[in-house]
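See structure below.
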Amino acid sequence: MTSPGYDARMVAESGVAKSANMTLSHEVPFADLRRWLKQKGFSSKCLIPASFTDTGRGLMATQPIKANELVISLPERCLLTTSSVLKSYIGEYIKRWKPPVSPLIALCSFLIAERYHGDTAEWSPYIKVLPKSYTCPVYFSNDIMDLLPLDVRIKAASQKEQLEELYFSSLPFFLSLQPIFAEPVDKVFTQDAVRWAWCSVNTRTVYMEHAQSNFLSQEKDVFALAPYLDLLNHRPDVQVHAGFNELSRHYEIRSVHGCKKFQQAFICYGPHDNQRLLLEYGFVASGNQHSAVYVDLGTLKLCLSETDSQLHQKLLFLKDNDFLRNLTFGVDGPSWRLMTALRLLSLEPKQYSCWKHILLGAAVSQDREDWCLHKALMLCQHLCDDNSTVLSKISQLKGGADGARLEQLCVVESLRREERAMLERSEQILKNTLLSSSPWQPNRIKNMEY
């Protein structure tokens, strides 16, 4: 949530950035940004803005960056924080508002106000290079929301509700800012404007702890918008050291392995799976080794027999022991949690005493293990079929889409394609395991249904 942002761009299929199509340094918005930052004490000769064929805009190394060398060092006065906001023209309104607004609302309000004031705004050079919209799910229409996997769809719907609640609860404060604007403030602080500012903060800020202000709510203040630095794109396998240097008063990013000349410089937000990357940042990383496909309870029940007299008790036992969450298929096949849950579900009535031992990793008989592998394969194939169905729908919808809607469909398509590839790999792993299981006969598995 508080890592540098990413404009719905995907990492290359190979996991390595391709050559830049063109540099962006001489385009007016980026030239103005660099000039403005230089006035604040920052310049970067080793990294320049560029447009890449696989990720869109990013930063290209103009010279080799060695291992453990600084990639970027941004002075504190270049960072947009709540301290910056409180010192600005909007600060007096925040300071006298009761109850105090949150650090997030303070930053969002300032971004919206600066965007409204255009060229006369102090932070205009930065505002102008921010995305005009985002591909985070809070921007999705209902029909695109329906294309998401169930678990991320539920989280996205909750995120939308929270944002709407944030807007209406903050509306009285927004209205108090009327003296700053020449037109009615409700025309400036629209739901769409707050959504844009909220996404700008949540997708593009770096983590930086601040002292608690008496003028803001008690929510933790860890936001810092970092111009230029936030042009760095994410790659899951990259290692960096990032943080605010209290001695130099700079926010610094240091590369662990370095970067070759004319390649794109990357950072890593953390070991996030693709669902989290989409939900929080609005993009999907291809070949993400941290990614997984989640099995929800409804899908799990599809492979279970209602004739099992202990099914309800088994599911309740799994829930009480937190084993109905994070059941996944990953790059190495079904997760240990998923197989453990299936092992317990496979047990016959006379094996009740084994339940706790199974959750602790105890082995089951060969026939029960075969049953689990068979059910895991059923789940995998069901999820794979679901992904294929959704991908067909997306292909149809893309035919008549353009602009922001097309970008949203493309990012959901990327998520579904990545998940289908992972499921196909898991399916092959399970088939190979079943073939090597001795003895294994489909008819014997069929006879194990309760």
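The values are calculated or read from the model by the stated rules, or taken from the named source; none is laboratory data. Nothing here was measured: the structure is a model prediction, and the numbers come from that model. Glycine also receives a Cβ, built like all others from the backbone with ideal geometry; neighbour counts cover every protein chain displayed.
The helices (runs of 4 or more DSSP H) found wholly in the range 125-193 and carrying at least 3 residues that are under 24 Å from SER102 (Cα atoms) occupy 150-175, 185-188.
Looking at ILE94, ILE105, which is the one that is touching a residue at least 40 places away in the same chain (Cβ under 8 Å), over 29 Å from the mean Cα position of the chain (by Cα) and crowded, with 20+ Cβ neighbours inside 10 Å? Exactly one residue qualifies, and that residue is ILE94. A residue that is in a loop (DSSP other than H, G, I, E, B), on the phi > 0 side of the Ramachandran plot and not small (Gly, Ala, Ser) occurs somewhere in the range 242-249.
The selection criterion, being modelled with pLDDT of 95 or more and either under 29 Å from the mean Cα position of the chain (by Cα) or over 21 Å from PRO179 (Cβ atoms) (or both), holds for SER141. Restricting attention to the range 232-264 and to residues that are within 21 Å of ILE48 (Cβ to Cβ) and among the aromatic types (Phe, Trp, Tyr), the residue that is surrounded by the most Cβ atoms within 10 Å (Cβ to Cβ) turns out to be TYR251. Restricting attention to the range 118-138, the residues that are over 17 Å from SER414 (Cα atoms) and either surrounded by 16 or more Cβ atoms within 10 Å (Cβ to Cβ) or among the hydrophobic types (A, V, I, L, M, F, W, C) (or both) total 12.
Looking at this structure, is LYS132 over 24 Å from the mean Cα position of the chain (by Cα) and among the charged types (D, E, K, R)? No: the conditions fail for LYS132. Counting only strands (runs of 3 or more DSSP E) that sit completely within the range 17-80, those holding 3 or more residues that are buried (at least 21 other Cβ atoms within 10 Å of the Cβ) correspond to 47-52, 56-61, 70-75.
When the range 300-313 is examined, which residues are found to be surrounded by fewer than 19 Cβ atoms within 10 Å (Cβ to Cβ) and not in a loop (DSSP other than H, G, I, E, B)? Within the range 300-313, LYS301, LEU311, HIS312, GLN313 qualify.
Step by step: first the residues of the range 367-413, then only those that are within 25 Å of the chain's Cα centre (by Cα) and part of a loop (DSSP other than H, G, I, E, B), then the one that is surrounded by the most Cβ atoms within 10 Å (Cβ to Cβ). Which residue is that? Result: ALA401. Could we say that SER88 is of a type in the set (Gly, Ala, Ser) and either closer than 27 Å to GLU407 by Cβ or not in a helix (DSSP H, G or I) (or both) here? Yes: the conditions hold for SER88. Starting from the range 276-304, take each residue that is of a type in the set (Asp, Glu) and list its partners that are in a loop (DSSP other than H, G, I, E, B), counting only C-beta distances under 7 angstrom and pairs at least six apart or across chains. Taking only residues 6 or more apart or on different chains, the pairs are GLU280/MET1. Taking the listed residues ASP192, ASP186, the one that is within 28 Å of the chain's Cα centre (by Cα), in the same structural domain as ILE127 (by TED's automatic domain parsing) and under 23 Å from HIS117 (Cβ atoms) is ASP192, with no other qualifying.
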